[in-house]
Amino acid sequence: MVYFFNSVLSFINSHKVNNMLRRNFVKSTLGLAGAALAAADATAATPAKNNFKLKYAPHFGMFKNLAGEDLIDQLKFMADQGFMALEDNGMMGRPVEMQEKIGKEMARLGMEMGVFVVDKGGNGANTLAAGKPEHVDIFLNGCKRAVEVAKRVNSKWMTVVPGNFERRLPIGVQTGHVIDALRRGAEILEPHGLVMVLEPLSDNPDLFLRTSDQTYEICRGVNSPACKILFDIYHMQKNEGHIIPHIDWTWSEIDYFQIGDNPGRKEPTTGEINYKNVFKYIYDRSKKENKSFIMGMEHGNFTAGKEGEMAVIKAYQESDSFSM
């Protein structure tokens, strides 16, 4: 730009162009040069969109200090940062109008919808392991309502937790009750191409579903493409460890992953899990088998505020930087 300006100015001087033309040229050219330099500075100040190897899915609220409270603005910010998926556990509880608005904006941005939790209703005490018809009915009603929500937000996956142990019954009988209930749920979801992903958890020792191998056994028993495993790496690190071998052993039934470091359930790099290695294993095997997973970012931010939100982005940049 400077070279061009000097060259033209030299031409005007050498050809004795009149003073008014010279002044007008200098004024207009300086204005163009200033605008071009300002645009270049603005471009340099805007960070490049991350080209992540895996489809990481933040949740609403994770970047609210940087993006604002508005959910649509948060979606735009996620996409601008290279996060091309979303998960929202509470989607079923949102007004229909908001579900539709979120679905339309995600379609516009080219984002995919990850899991939402099947809201079974009731007082939270129902358990499929007990085999009680009223508990099964609550679950099946939740599956039916989830179908309509999935259509609005263009979702494929929904999280299902079978509830607590029924300790008055043998474990085999409880397992049979859970399989029977999930088969009926799969009959509702399968015609729509939807998948309930079963999540073994570490939050409470009373929960029936605890390990990946137990969940694998149940999925094999249900024997439906509509019933698979949600492998939450944080929970499985707490309950069983040995993360990559367990992913390997249960791989055929896994349809979704969730992320959280341990201890603390915060972003990768804040705890003991070597997420760069875990992500590389999932990426390499997925590529060989032509599979694709959404990686739900179901964790908190280690540091509060804008600084903490930028740290989350940096943590995923670092953990996703494995060689292919």
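Taking residues in the stretch 290-311 that are of a type in the set (S, T, N, Q), and partners anywhere that are not in a helix (DSSP H, G or I), the pairs with Cβ atoms closer than 8 Å and at least 6 places apart or on different chains are Ser292/Lys55; Asn301/Met62; Asn301/Lys266; Asn301/Glu267. Can you name the residue in the stretch 210-233 that is under 20 Å from Asn262 (Cα atoms) and crowded, with 23+ Cβ neighbours inside 10 Å and is also farthest from the chain's Cα centre (by Cα) among such residues? For the stretch 210-233, the residue satisfying everything is Ser212.
Condition check ((1) in the same structural domain as Met92 (by TED's automatic domain parsing); (2) in contact with a His (Cβ under 9 Å, 6 or more places away or on another chain); (3) surrounded by 19 or more Cβ atoms within 10 Å (Cβ to Cβ)) across all residues:
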position	(1), (2), (3)
Cys143	yes, no, yes
Lys151	yes, yes, no
Val161	yes, no, yes
Val173	yes, no, no
Gly176	yes, no, no
Asp180	yes, no, no
Gly185	yes, no, yes
Glu190	yes, no, no
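Among strands (runs of 3 or more DSSP E) entirely within the stretch 194-292, having at least 3 residues that are outside the structural domain of Ala57 (by TED's automatic domain parsing) and of a type in the set (A, V, I, L, M, F, W, C) singles out no element at all.
Suppose we filter the stretch 75-90 for residues that are assigned to a helix (DSSP H, G or I) and more than 14 Å from Ile294 (Cβ to Cβ); how many remain? Residues that pass the stated criteria total 5.
Condition check ((1) in a strand (DSSP E or B); (2) modelled with pLDDT of 95 or more; (3) at positive phi; (4) in contact with a Lys or Arg (Cβ under 6 Å, 6 or more places away or on another chain)) across all residues:
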{"residue": "Arg152", "(1), (2), (3), (4)": "no, yes, no, no"}
{"residue": "Met158", "(1), (2), (3), (4)": "yes, yes, no, no"}
{"residue": "Arg167", "(1), (2), (3), (4)": "no, no, no, no"}
{"residue": "Gln174", "(1), (2), (3), (4)": "no, yes, no, no"}
{"residue": "Ile179", "(1), (2), (3), (4)": "no, yes, no, no"}
{"residue": "Leu182", "(1), (2), (3), (4)": "no, yes, no, no"}
{"residue": "Glu187", "(1), (2), (3), (4)": "no, yes, no, no"}
{"residue": "Pro191", "(1), (2), (3), (4)": "no, yes, no, no"}
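In the stretch 152-163, the residues that are in contact (Cβ under 8 Å) with a residue 40 or more places away in the chain reach residues that are hydroxyl-bearing (Ser, Thr, Tyr) and not in a loop (DSSP other than H, G, I, E, B) with C-beta atoms within less than 9 angstrom, at least six apart or across chains, in these pairs: Trp157/Tyr256; Thr159/Tyr256.
The values are calculated or read from the model by the stated rules, or taken from the named source; none is laboratory data. This is a predicted model, so every value here is computed, not measured. Don't worry about glycine lacking a Cβ; one is built from the backbone with ideal geometry, like all the others, and counts go over all protein chains shown.
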